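The values are calculated or read from the model by the stated rules, or taken from the named source; none is laboratory data. Because the structure is a prediction, the values reported are computed rather than measured. Backbone-built Cβ (ideal geometry, glycine too); neighbour counts: all protein chains shown.
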C-alpha cells in the first residue's frame, strides 16, 4: 500500500527522515541517469554536518529512543554514613545521564557532471532539519553562497516544514514545501515552486550545459519509488498526529480524513 497522501507524506518528517533522505537521493539519481547518458552522469556526494540533539534533528515523543541514543540507568539508592564510622562513606550518584555532544549527520546531494571534463554542472540539494537550524543552517548558507559564485546550477528541495527557509530577497508564497532553482546564467534570480500539502510534488527542470535542454525530474515519482522500495507506510505511525510543526485546523482535518479507515 503506498503513502495515503498525494504528495509529500508529512509523517516522513520525523524519526524516519534521515533514512528517507538517503533513499530519496538514490531514487532521484536512478530516475535521472537514463536521461543524462551518455554525455552526463549523476553522482551521489556525501558530506557530514555537526549537529546535536538540542538542534531538533527529529521531534518524537520523549519516551521513544532515536538517533542519537538515550542512555537510561537505574537510580542508585543514596548511601548513608554508619553511626560511629571513622571514615565517611562516599555517596553514590543519584543517576547518570549523557552530555550532549556534537554528532556527525550524513547528508547526500546529487551532482550532475559532464563525462568529458568531469565539470560540476548542477547540484541537487535535499534539505534536512540539520540544514535549517543553528550552526547547521549557517554552514549550509555559507556553502550555498560559495556555490552561487560559481557556474554551477543549484536545485534545492525543501521537503521539511519546520526550520528556517533559505534566505531570499522578497517574500515566499505560503506553503509547507518548496523547490528552488538558481540557474547560473540568471543569478541573482531564483525560481520558486511553492508546494501544497494536498498536491502532488511537481516535475522540475534540471539544467545542463548550454545548448543542451533541461531534463525533467519527476519528484513525485521519486518519492513513490522510495515507498515502493522500502514500504515506509508500514513503518510510519499514522495513528498519532504528524511531527511538528502543528498543521492548520483545515489541514489537520484533511489529514484525518485521508487516514480514516486506514488499516493499522
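State whether the residues of the range 147-163 include one that is closer than 24 Å to residue 11 by Cβ and touching a helix residue (DSSP H, G or I) at 6+ places or on another chain (Cβ under 6 Å).
As a first pass, look at the range 147-163 and keep what is closer than 24 Å to residue 11 by Cβ: 156-163.
Cutting the leftovers down to touching a helix residue (DSSP H, G or I) at 6+ places or on another chain (Cβ under 6 Å) gives us 160, 163.
Yes, the conditions are met somewhere in the range 147-163.
Please work out which one of (1) within 26 Å of the chain's Cα centre (by Cα); (2) over 29 Å from residue 228 (Cα atoms); (3) surrounded by 10 or more Cβ atoms within 10 Å (Cβ to Cβ); (4) modelled with pLDDT of 55 or more is the condition residue 99 fails and give its number.
Of everything listed in (1) within 26 Å of the chain's Cα centre (by Cα); (2) over 29 Å from residue 228 (Cα atoms); (3) surrounded by 10 or more Cβ atoms within 10 Å (Cβ to Cβ); (4) modelled with pLDDT of 55 or more, residue 99 misses just condition (3).
Here are the criteria: (1) out of contact with any strand residue (DSSP E or B) (no Cβ under 7 Å at 6 or more places or on another chain); (2) assigned to a loop (DSSP other than H, G, I, E, B); (3) surrounded by 15 or more Cβ atoms within 10 Å (Cβ to Cβ). Tell me which single one residue 223 does not satisfy.
(2) is the only condition that residue 223 fails.
Would you say residue 217 is at pLDDT 95 or above, closer than 18 Å to residue 123 by Cα, surrounded by 14 or more Cβ atoms within 10 Å (Cβ to Cβ) and within 21 Å of the chain's Cα centre (by Cα)? Before the answer, list the steps.
Values: at pLDDT 95 or above: yes; closer than 18 Å to residue 123 by Cα: yes; surrounded by 14 or more Cβ atoms within 10 Å (Cβ to Cβ): yes; within 21 Å of the chain's Cα centre (by Cα): yes.
When the stated conditions are applied, residue 217 passes them.
Anything in the range 16-46 that is in contact (Cβ under 8 Å) with a residue 60 or more places away in the chain, out of contact with any strand residue (DSSP E or B) (no Cβ under 9 Å at 6 or more places or on another chain) and not in a helix (DSSP H, G or I)? List them, or say none.
Result: 16, 38.
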